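Comments concern the structure below.
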Amino acid sequence: MRGLFAVLILCLSTSVFAVSPGDIAPNFKLKNLATGKADTLKSYRGKVVYLDFWASWCGPCRQSLPLLNGLRKELKNKGFEVIAVNLDENLSDATDFLKQFPVTYPVLLDPNGKVPSHYNLPGMPTSYLIDRKGRIQKIHVGFKEKDIEDIRKSAISLLKSK
């Protein structure tokens, strides 16, 4: 009976932390790679945020990071921000990757992988498009080059709504 209860709790625990469109994006506090200071998701309220979870071993991230960097440059002055949460255990893996694929948007470090448990990531990369009020509007799993246009359209639509 005790084992059955433990299995039931384990099964339910993944859905307890899962987020869906319409939910408030769970806040977190992580170290910013560029500044070395703590940064929170909540501090970006009022902007449309593309929250992107990535790691150096993620193949599609080689395409997504540069394209997201271009999108951020295009829309930053309109209130758009990309926030990258790196999940590499070793900082050197992340910094080596970023030397090859540099970005100008905030890169936050989560080497212990605590934040993904609140989002219940289904794969890598996984991203969340968050509106100005902090609500998740879209969840994007994986990445192909052609995806950037849909991401752009969705971001622009949210930027136009107040």
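Values for this structure:
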| item | result |
| --- | --- |
| MRE, 222 nm, helices only [DSSP H, n ≥ 4, -39500 (n - 2.57), over the chain, to nearest 500] | -11500 deg cm²/dmol |
| Net charge dipole size for the chain [Lys, Arg +1 and Asp, Glu -1 on Cβ; Debye, nearest 20] | 760 |
| Top of I83, I130, I24 by mean-square fluctuation, Gaussian network on the chain, Cα under 10 Å | I24 |
| Filtered trypsin sites (Lys or Arg not before Pro), region 78-129: DSSP coil and at most 13 other beta carbons within 10 Å | K114 |
| Ranked by how many other beta carbons lie within 10 Å on average, peptides 140-152, 57-69 from highest | 57-69, 140-152 |
| Cβ-Cβ FRET estimate between K29 and S154, R0 fixed at 35 Å, reported to 0.05 | 0.85 |
| Antiparallel DSSP beta bridges within the chain, percent to nearest 5 | 60 |
| Helix 91-100 vs. the chain, principal-axis angle (Cα, 0 to 90°, nearest 10) | 30 |
| D96, D23, ranked by accessible area, largest first (probe 1.4 Å) | D96, D23 |
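The values are calculated or read from the model by the stated rules, or taken from the named source; none is laboratory data. Treat the numbers as computed from the prediction; the structure is a model and nothing was measured. So basically every Cβ, Gly included, is an ideal-geometry build from the backbone, and we count neighbours across all protein chains shown. What goes into the accessible areas is simple: the full protein's heavy atoms, side chains included, and nothing from ligands, DNA or RNA. Shrake-Rupley method; radii C 1.70, N 1.55, O 1.52, S 1.80 Å.
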